[in-house]
Amino acid sequence: MSVHKEVRKVTTHRLSEMKLRGEKIAMLTSYDYSMAQLVDEAGVDVILVGDSASNVMAGNETTLPITLDQMIYHGTSVVKAVSRALVVVDLPFGTYQGDSREALISAIRIMKETAADSVKLEGGSEVIESVQRILSAGIPVMGHLGLMPQSIHKFGTYTVRAKEEAEADKLISDAKLLEETGCFAIVLEKIPAELGTRVAEEVKIPVIGIGAGGGVDGQVLVIHDLLGITQQFSPRFLRRYHNLAAEIKGAVGNYINDVKSKDFPSEKEQY
Ligand code: KIV
């Protein structure tokens, strides 16, 4: 007798139900098939194919260089591995800010070529026409406010955003605008915890934070940071759950020793 385990896919509707009943949303990035399979099997609710792939996968200093084709490559690999989590793919820099038609074409390419569930983009009122146009094609959109890494050259630094009243007010009105326009959720990055809580209270859609405190509706981290693969990056908001860098280096060191000492392969490890 085979036991068939039914997997109930996470949808945007299920995320809003989670917010309503006060269940926190766990979101993580993934960029490739093998990692996405593990992250999904572990039970994360949302997998973000973030443009942070530009940093952690390609070694760029910023998220700006990654292209739409590269995001589609990562998105396709992740979607193939996932059966439960909702998959969100970032629209990369330069594919939605110019005009709303270009934004729609970029989002359609992501949805058609990766089979992801939704897209994410950075910004509020500045990109609202693009958000509207993508939504009008039936594509779910996640917003992203606060520290927006695609605008790093405008900000000049990766420090906490919206500490001043004017920027905090703009962030709140942008969050409301994204909600009214129809976004299903918003990521808030690196802002004061009090502001994160206030936004989560003032909008009905789920608010997912990265460095936005514990009063929001869920948390997101970059998987390489959580696992301790990335070593240089150590912001206050990051909790490392493992030191995989040391484990990987240890395992590779053992392999090198075994090859050099002719211990590997043994009799049993050959034909
Ligand atoms: O690209 C990314 O990983 C992100 C998260 C930091 C939210 O946008």
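The values are calculated or read from the model by the stated rules, or taken from the named source; none is laboratory data. All values derive from a computational prediction rather than experimental measurement. Ideal geometry is used to build each Cβ from the backbone, glycine not excepted, and the neighbour counts take in all protein chains shown. Quick note on the areas: whole protein, heavy atoms, side chains included, nothing else; ligands and nucleic acids left out. Shrake-Rupley method; radii C 1.70, N 1.55, O 1.52, S 1.80 Å.
Region 26-100 and region 185-261 have Cα centres spaced 15 Å apart. Helix 244-260 and the long axis of the chain differ in direction by around 20°, with both axes built from C-alpha atoms.
The GluC sites (Glu not before Pro) found in region 162-221 that occupy coil by DSSP, while having at most 15 further C-beta atoms within 10 Å, are Glu164. What the pair-distance distribution of the chain shows, using all Cα-Cα distances binned every 10 Å from zero, is 7, 28, 35, 18, 7, 4, 1, 0 percent. When you filter the trypsin sites (Lys or Arg not before Pro) in region 188-271 for DSSP loop state and at most 13 other Cβ atoms inside 10 Å of their Cβ, you are left with Lys204, Arg236, Arg239, Lys262. Mean-square fluctuations from a GNM of the chain, with a 10 angstrom spring cutoff on Cα atoms, peak among Lys112, Lys120, Lys19 at Lys112.
Scaling the Cα radius of gyration of region 81-230 by the globular reference 2.2 N^0.38 Å produces a ratio of 1.01. With each label modelled as a point 7 angstrom along the Cα→C-beta vector, the Leu177-Asn60 pair spans 2.6 nm.
When nucleic acids and ligands are ignored and a 1.4 Å probe is applied, Ser136 ends up with an accessible area of around 100 Å².
Here the chain exposes an accessible surface that is 53 percent carbon and sulfur, computed with a 1.4 Å probe and the other protein chains kept in place.
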